[in-house]
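Right, one structure below, let's go through it.
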Ligand SMILES: [Zn+2]
């Protein structure tokens, strides 16, 4: 089979043998793959170390196997270094690790998730704080994976009224009447539900507009997300 040209973000990198590396790649089109880059750590090959560093966005050729497993990846070239320092490096690493954890190695149409992460990387240098980015990227990945958050109606009875509780097990809101049947659900202030709905719809490029997320709101939104993760993605 001829090689496939891919754009990809390096989610994880492990040294392999004397001069090679194994990388988890989130590609722009064919899902998440585990790739072998042969000999790239050999000085004779003149591949810059940045081209296989965790967090970098590269273009490369992938020789895909029918059955999956380790794919040969060659000629990596840096598209965006995303080579941040300090707090910016911390949030980028956090997002990268999360995506690597949430998404299994598999062939699927990964364009939306790739674009989400790529756009997130592009706006990091201009952000005043990282809370909104962290919440939006995480909830958006979960939503693309089909596990929530679902914020339009009660996930038990379907009503639009009195949606004051959140259930991680169901992945979204439940009404005041149904909450008793969902023992893990917890109450959220109406303002926080509104904020979650707002963040759920905001385009990634608009996140810099959100200058500040208060501690209480951040903790509640993080709790909603973590409860979904806890239910669906036990380690
Ligand atoms: Zn209900």
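The values are calculated or read from the model by the stated rules, or taken from the named source; none is laboratory data. Nothing here was measured: the structure is a model prediction, and the numbers come from that model. Please note: Cβ atoms are built from the backbone with ideal geometry, for glycine as well, and neighbour counts cover all protein chains shown.
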Condition met for residue 185 (surrounded by 14 or more Cβ atoms within 10 Å (Cβ to Cβ), under 17 Å from residue 231 (Cβ atoms) and without any contact (Cβ under 8 Å) to a residue 24 or more places away in the chain): yes
Matching entry among 127, 173, 196 (being within 16 Å of the ligand (Cβ to nearest atom), surrounded by 13 or more Cβ atoms within 10 Å (Cβ to Cβ) and more than 16 Å from the chain's Cα centre (by Cα)): 173
Residues that are under 18 Å from residue 191 (Cβ atoms) and under 26 Å from the mean Cα position of the chain (by Cα), drawn from segment 153-170: 165, 166
Complete set of residues in segment 46-68 that are under 21 Å from residue 18 (Cα atoms) and either without any contact (Cβ under 8 Å) to a residue 12 or more places away in the chain or assigned to a loop (DSSP other than H, G, I, E, B) (or both): 46, 47, 48, 49, 53, 54
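So that you can scan it fast, the table gives a plain yes or no per residue for (1) surrounded by fewer than 19 Cβ atoms within 10 Å (Cβ to Cβ); (2) closer than 27 Å to residue 62 by Cβ; (3) away from the ligand (no atom under 16 Å from the Cβ); (4) not assigned by TED's automatic domain parsing to the domain that holds residue 28:
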position: 112; (1), (2), (3), (4): yes, yes, yes, yes
position: 121; (1), (2), (3), (4): no, yes, yes, yes
position: 133; (1), (2), (3), (4): no, no, yes, yes
position: 177; (1), (2), (3), (4): yes, no, no, yes
Positions within segment 76-93 being more than 18 Å from residue 52 (Cα to Cα) and out of contact with any helix residue (DSSP H, G or I) (no Cβ under 7 Å at 6 or more places or on another chain), in sequence order: 86, 87, 90
Residues being more than 9 Å from the ligand (Cβ to nearest atom) and touching a strand residue (DSSP E or B) at 6+ places or on another chain (Cβ under 6 Å) - total across segment 136-163: 4
